[in-house]
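Below: the structure, in structure tokens.
Throughout, read-outs are computed from the coordinates displayed, never taken from laboratory work. Predicted model only: the values in this text are computed from it and were never measured. All Cβ positions, glycine included, derive from the backbone under ideal geometry; neighbour counts span all protein chains shown.
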Amino acid sequence: MKEREENEYVKRTQKDYSYAFKLSVVEEVESGQIGIKAAQYKYGIQGDGTIRTWIRKHGTVDWENKSHCPMSKSPEQKLLELEQKVRLLEKQKSELEKKISNADKKVIFFDMMIDIAEEEFKIPIRKKYSPEQSSDLKSNKKKA
């Protein structure tokens, strides 16, 4: 069997493009991030009308009535958008959990450092309230 070279032209068919890919290209073009020709070149889409067809089928402009009022999204589009949002939120959640874990470790580390410094230098670093002071603080907070 022959191995294909990297620069060899490969003819693509309509089946090569997933629904999610089509929606992302349409969204990119409709938002003005990229033009139709630039998207065609960027993603290796052959036909001149392919992206225009996708925009008519999957875009938010109502082409049948020639109005620029956004059409309602299909259930598939809504589902894909929600899945993308869920993935993004899960990623953000995991990043925040890592940050919390690191912050907790830092707190423990700093507490240990203060304990060691208090023992080594025999000086009180943490502020210790007497019972009279702590009751005064509580009454001051209630007044505010």
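Extension gain for residue 60 to residue 92 (0.36 nm times residue separation, less C-alpha to C-alpha distance): 8.7 nm. Pairs 37/91; 105/127; 106/127: which exceed 29 Å Cα-Cα? As for pairs spanning more than 29 Å Cα to Cα, those are 37/91.
Taking the Cβ of each residue in 19, 43 as the centre, tally the other Cβ atoms inside 10 Å and list the residues starting with the fewest.
Numbers: 19 12, 43 16.
Lowest to highest Cβ neighbour count: 19, 43.
The residues neighbouring residue 83, those whose beta-carbon lies less than 15 Å from its own, together hold a net charge of +1 under the Lys/Arg +1, Asp/Glu -1 convention.
Other residues with beta-carbon under 14 Å from the beta-carbon of residue 112 carry, at +1 per Lys or Arg and -1 per Asp or Glu, a net charge of -3.
Here the 3J(HN,Hα) profile of region 21-32, calculated from phi with Karplus coefficients 6.51, -1.76 and 1.60 at θ = phi - 60°, is 4, 4, 5, 5, 5, 4, 5, 5, 6, 5, 7, x Hz, Gly and Pro shown as x. Summing charges over neighbours of residue 101, with a neighbour being any other residue whose Cβ is under 14 Å away from its Cβ, gives +2 when K and R count +1 and D and E count -1.
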